[in-house]
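Since the structure comes first, as structure tokens, the remarks are kept for the end.
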Amino acid sequence: MSKKRYFIIVSHCLLNPSTRVHLLGRRYQVAEKVTSYFLSKHISIIQLPCPEFTAMGYWRNPQGRQQYDNVFFRKHCRESLESYVDMICELQNNANTLLCFIGIQGSPNCSIYWGKHKENKHKTESMVEDEKSQDQTTVYGVMTEVLDEMLNERGISIPYIEAPVKESMDSERTIDFFHHLDNLLETKKQYETNIECEQEERGTKEVK
């Protein structure tokens with residue numbers, strides 16, 4: 001059997017916390033643990049661009065999903081992601097398997113569970129400071145949604161997982177996050193092994 005090669009795609013600020021909104025924390029501990037986790041398993045990492053940073057720079061203020069959900073910003077996301085989606089396809093066409101996308105908890109662009117958020121004094125959507133009050137319904141951030149659309153256009157369907165960057169490293173949510181990654185990897189490996197075994201058996205029968 002051929003050697004398995006895997007890679008993941010991650011939100012930019014998971015590995016580069018400096019691009020986060022200047023009022024938010026950096027959380028280098030999460031970046032370090034996630035990076036170590038995948039590289040120790042020989043899983044490559046593709047870091048996607050941060051559309052907020054490339055559109056608005058460093059001195060931007062926190063905004064909700066509502067403010068980014070417009071035709072202009074979606075076009076910016078698509079243009080920023082185009083070469084990365086090409087890279088993903090090229091890797092997959094050469095025996096590399098994409099495992100998942102890891103988004104960012106509480107991000108209006110890179111979250112997986114944006115859900116319902118509070119309305120501010122200007123009657124527009126704002127981020128919720130208390131993450132425990134967030135609706136955990138699957139509502140992608142704007143860039144995550146655009147990424148999913150672009151991958152689906154190429155026939156690629158993957159799991160979307162949210163990194164608990166606002167949680168402590170020993171919290172239940174953080175522990176569950178890494179357990180989920182373990183299960184995902186083992187399930188994918190077993191699935192591909194079964195497929196290869198079936199192909200080998202089919203080839204043996206054809207030879208006979």
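Taken together, the values in this text are just the output of simple stated rules run on the coordinates, not laboratory data. Keep in mind that what you see is a predicted model, and the values were worked out from it rather than measured. Neighbour counts are summed over all protein chains in view; Cβ atoms, including those assigned to glycine, are modelled from backbone coordinates with ideal geometry.
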Between residue 78 and residue 189, what is the spin-label point distance in nm, taking each point 7 Å from the Cα along the Cα→C-beta axis? 3.9 nm
Interchain or long-range residues, amide H under 5 Å from residue 6's placed H: 44, 97
Calculate how large, on average over all directions, the projected area of the Cα convex hull of the range 1-107 is; give the answer in nm² to one decimal. 7.5 nm²
